[in-house]
Amino acid sequence: MDSLLKVPEIVINIASFLSTTDYLNFQQINKRVYNSVVNGDNDSRYWSLKLTRMGLKRVPSHEMEDNKLVDENNDEDPICIFELYKSFTSQDSKEIFKKFYHCYNSFAKKLYNNNLVNFFPASYSSDPLKQIKILNLIKRYNLSNRNDTETFTKIDTSFNIIRDIFINSVLKEMELNYQSNNLVTVAHFIKVLLISNEESNAIEFFKSKADLPPSLTVLSSDDELFLKEQSQEEENERGTGVLNPESLDKFLNPLRDFLNEKIKLADILFQSEFPVILQFVESFIQDVLLDILNNILSNYSAFLKSNDKDSKANYECLPELYFTFVKKFNTELNDSVNAGPTFQKVVYELLNLYMEPFVVNYMNQTTRVFEALINSQLVNYDIKFQDKEREQNAKIYNSLKDQTDPTNTSNNDSSNNHSITTEISVTAPEADSKQKTLPRSAHSTNSISDDKLDFLSSFTKIFKFSNNENQKLKQQLQLAYNLNLISNNLQNIKSLISLDLCYKILHETSEKTDEIYKFHTMENLLPLIKLRCQEIFKILITQLSNNHVKPAFEKAIMLLQKYNPNEIKQIEIKFDSLSAADGQVEPLVQFTELINIGDIILQMISIFYKNELIPKKIIDKNKDFLNDVIQLKKNFETSIDDFVAEGLNIGINKLMDEISFIFKTQQLPDDYNPPPPSENSPMRDIKPTKCAVRVVELLSNHCFLLTGATDKGTIDVYQQEIGERFFNEIVKHLRKSFISTEGAIWLICDINYFYDFIANKLKQKNVVPYFVGLKSIGQLYIISGKDSKELGKLISDLGKFNGIFTQEEIYEFVQRRSDWVRVRKDVEKVMYGLGLRDCCIM
Amino acid sequence: MSSEDYGYDYDLLFKIVLIGDSGVGKSNLLSRFTKNEFNMDSKSTIGVEFATRTLEIDGKRIKAQIWDTAGQERYRAITSAYYRGAVGALIVYDISKSSSYENCNHWLSELRENADDNVAVGLIGNKSDLAHLRAVPTEESKTFALENQLLFTETSALNSENVDKAFEELINTIYQKVSKHQMDLGDSAANGNANGMSALNGPTISLTPTANENKKGNGNNCC
């Protein structure tokens, strides 16, 4: 044993495992041991290690100057001592430890002996905060005993027991004080818990005081919460919401108040010392609000279903819910000291985080709902339109039938009409069963036909029936029915597209876009928002195009194509409301109205595009020029342009048919080839013929229909086309006329009249030269037959005709001279050098 | 044929032709006389245009049917067609353009060649408003008119000066010729239809039937 002490390493090693008391005793075992081993550096190492275990810092001696500044009076206060001595040097380690020992050894001793009665001295007994601080420091002090496991463990075990007892009594006190509403005291205990690292207990306590009363989450009944279908007026007043705002407020306000109350409580209990409220708000959002959101959505779905609506449109109420939630649980929340100045912002982010999936669902659902909404409106309009048309058709048929049925003319009771209406809708246009009941009466029909026609008796022969044959009556009725239908349908062309409906749909598109775009503050949803807004716009165009505009134009064009003005005029039996306006090609007039409406729709879409999509950056004009939205819009515009072009082309065809018809029927043979004046015959005034006046009237009625209805380019093309085709009609007409030298002046007068219209009214410069050419053609006829040679020269002078006609054409024209046979030889001689007869001789 | 085409809204119908170089203002003279209109940038006439105005002389309604011809028409066959049946003519020149005055001779001889011998002719110096640019002295034209038995007026279609006067003088002259002729005709054709005398019934004014007679009497006057 003695020899062991001779080895310093062993002595030092043994010493390091000794408790303070034992070590001090060991130092005194004998002088040699003391002097050679547990002294000086070895001694201060022992103390330094103890201090280091308690968390103090060892520093080189020269840095320890300021330590002398410590208030020596506080040396013995166990709460302050750890603050006073944070570092030490090896020289003063023993001294410093002495001070700690002095402060804490009494506590350590009690713990070591498990003597826990009156643990704290009287001065601390009423202050739990001081007590917990001391407890915490005792635990730290005990760390210095780690080298002596037995002492350390014993103290530590006892310490844990007393600490548990202490915490439990704190919790008990807290509860009691909370019950008696001594919140300040509770806050004091909370502090104790926080200091003792019992945060979870503090939070638990707070949570237990912040349980949501279950009554607050009971939703109002569906009928109270959701609005039934609104009338138009109501809709304008309160917007297009589906939730009853009062009811929603009534439900959410108590929840908001609850949350505000808890914010206040957290502020009192925790101040800014420990953050609890954010976590609490987050779990409130997660557990309460999301549940509510889900419940409302599923209730709404059920509500829709019970009202025979699309139950999968339930997310339509989400925007309202979202923004109400943000308002109630963010904007209207009190400030929180506990959460700090960023509280509002953080809560907003939390709300967004948790509601984001709902918003995404809404966006995914709403485009489909929107499409269905638009589609149903367009389809409904179409159905109504068709119903109306069918009804009108039936009316026409009945009216026609009444006109041909003498027994029925005065007996127009509605019940009878009704039965026929329904039957007609099935059998028209065949209407065979009806035919059989028609009485044969040529008499009545004849009276109807009286005065209906003032021209073209040859054509009408087909329709007039000389006998009382039932078959003919049947045919006539059928024909009249068909023609009246076409005529009536023409009147309906302009209602094929409803401007009101288009406007409404555009308005709805705008609202839907706004509704979606409102979420743009959720930045990570921005790409989705843009995509959905683009989709809404695409739906608008596709629906408008496919279900409204295209079919309308197609139908209008079909009607235009079917239209034969002469047939319409010949109908002997007419429906009252139908009166073919004279001097107008009715379908062209109607069609231009359609063009006008189409143009307005395009403009509305363009305005929407420019004012809504571009400023909101839903579409970037520069970046997205290849975007399918822009392509779709362009395609729509092009398709309307194509329809317009096609329709106008047909319309122009019809107009030319009409002009050709007037030329054929109104131009009298005497107009350009009057009989030789007799002694008595008065001199004819030089003015345009009646036929020319009618033709120009017809042109005037149609050339300017498009003005204001579409762009200048289209109007120019339309007018030029009319001008050119009209020119061709005149040429055709001239080739069929006979013109005498005496009559030429009226031809010139007519051509001047046409020219005047083209040059001064139509003002299409490209077309004018044709009519200048025509003026020169007019001169071919005024030349006296005696001047036949010069006539030949004139024909050869192509420049004279403005380069419009080839020599062959001019030659054809000159053949329309009434004295052609006489002048031919001379003319040809000049033209070809030899007359044809000369050739024969050779 | 309805009556409006052949209506008797006049007692006498005179065909008058407007001739002269291109650009002297024939069309504007006509539009000033018939419509009281003036078109600053009117284009040159193509072919022939017509306009009418009815005047009253001696209680008779006289309809002047005026043919406005294209000044640049070079086909004699066409111009001669214009002259056919004309009882009056106005040869128009531009007082600021001497070439248009010099060409009056050509127009006059073409007229004499193609129109009725008895045709009444007026010489018109148009654009009198351009006095500061005058190139044709009034006296010279006056002398020319006198020598050729033409009426003479200087007019301005722009400011209306003398336009009505020029036309009215010509129509008056024609009327005088016609009434004198009809008296002659009444004497010589006593056996003719009494109605033929009455202009009211069918006033086909043509001097042709008497042209030969006049030629015999006045043959030396013209050439």
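What follows is calculated from the coordinates using simple rules that are stated; it is not laboratory data. Everything numeric in this text was worked out from a predicted model, so none of it was measured. For neighbour counting, all protein chains shown are included, and Cβ atoms are generated from backbone atoms with ideal geometry for every residue, glycine included.
Work out how much length A:Asn380 to A:Asp756 would gain on full extension: take 0.36 nm times their residue separation and subtract the Cα-Cα distance, in nm to one decimal.
Full extension of this stretch gives 130.4 nm more.
Considering every residue in A:669-676, what mean count of other chain Cβ atoms within 10 Å of its Cβ is obtained?
Per residue, the average neighbour count from other chains is 1.
Per residue of B:73-82, how many C-beta atoms from partner chains lie within 10 Å of its own C-beta, taken as a mean?
Mean shielding count: 6.
Quick check: from the Cα gyration tensor, does the range B:12-178 come out rounded (a/c under 1.5), prolate or oblate?
Because its axes are fairly even, with a/c under 1.5, the range B:12-178 counts as rounded.
Can you order the peptides A:114-121, B:46-53 by their average number of other Cβ atoms within 10 Å per residue, highest first?
My ranking of the peptides, most packed first, is B:46-53, A:114-121.
How would you order A:214-224, A:790-800 from highest to lowest mean count of nearby Cβ atoms within 10 Å?
A:790-800, A:214-224
Starting from the 7 Å offset along Cα-to-Cβ, what nm value, one decimal, do you get for the label separation of A:Ile10 and A:Asp249?
Distance between the two pseudo-spin positions: 9.2 nm.
Return the distance in nm (one decimal) between the two label points of a simple spin-label model at A:Asp620 and A:Lys763, each offset 7 Å from Cα along Cα→Cβ.
4.5 nm
Between A:Asp287 and A:Lys504, with labels modelled 7 Å along Cα→Cβ, what's the label distance in nm to one decimal, could you check?
For the pair A:Asp287/A:Lys504, the computed spacing is 4.9 nm.
Would you tell me the mean number of C-beta atoms belonging to other protein chains that fall within 10 Å of each C-beta in B:46-53, as a whole number?
6
Using a Förster radius of 56 Å, what is the FRET efficiency between B:Leu133 and A:Ile600 based on their Cβ-Cβ separation? Nearest 0.05, please.
E between B:Leu133 and A:Ile600, to the nearest 0.05, is 0.50.
For a Förster distance of 25 Å, can you work out the FRET efficiency between the beta-carbons of A:Asn564 and A:Glu812, rounded to the nearest 0.05?
Rounded to the nearest 0.05, the efficiency is 0.25.
Take a quick pass over the range A:210-341 and tell me how many lysine pairs come in under 20 angstrom between Cα atoms, counting only ones 8 or more apart or on separate chains.
Close lysine pairs under the 20 Å cut-off: 11.
Between rounded, prolate and oblate, where does the range A:667-838 land on the alpha carbon gyration tensor, with a ≥ b ≥ c its root eigenvalues, rounded for a/c under 1.5, else prolate if a/b exceeds b/c?
oblate
For the range B:98-114 and the range A:625-702, compute the distance between their C-alpha centroids and round to whole Å.
The range B:98-114 and the range A:625-702 have Cα centres spaced 43 Å from each other.
In whole angstrom, note down how far apart the Cα centers of the range A:300-326 and the range A:79-138 are.
66 Å
If you add up the charges near A:Ile536, with Lys and Arg at +1 and Asp and Glu at -1, over every other residue whose beta carbon is less than 14 angstrom from its beta carbon, what do you get?
-1
If I take R0 = 30 Å and measure r between the Cβ atoms of A:Tyr124 and A:Leu353 in this structure, what FRET efficiency does the formula 1/(1 + (r/R0)^6) give, to the nearest 0.05?
Efficiency computed from Cβ-Cβ geometry: 0.05.
I want the local charge near A:Lys384. Using Cβ-Cβ distances under 13 Å, sum +1 for each Lys or Arg and -1 for each Asp or Glu among the other residues.
Within the 13 Å Cβ shell, the charges total -3.
If Lys and Arg each add +1 and Asp and Glu each add -1, what is the summed charge of the other residues whose beta carbon sits under 10 Å from the beta carbon of A:Ser93?
+2
Which of the lysines could be linked to B:Lys177 by a straight reach, that is with a Cα gap under 23 Å, when you skip same-chain ones fewer than 8 residues away?
B:Lys15, B:Lys60, B:Lys63, B:Lys142, B:Lys165, B:Lys215, B:Lys216
List the residues whose amide H sits under 5 Å from the amide H of B:Gly122, counting only those 5 or more places along or on another chain, with H placed 1.01 Å from N in the peptide plane.
Counting only residues 5 or more places away or on other chains, the set is B:Ala89, B:Leu90, B:Ile91, B:Leu151.
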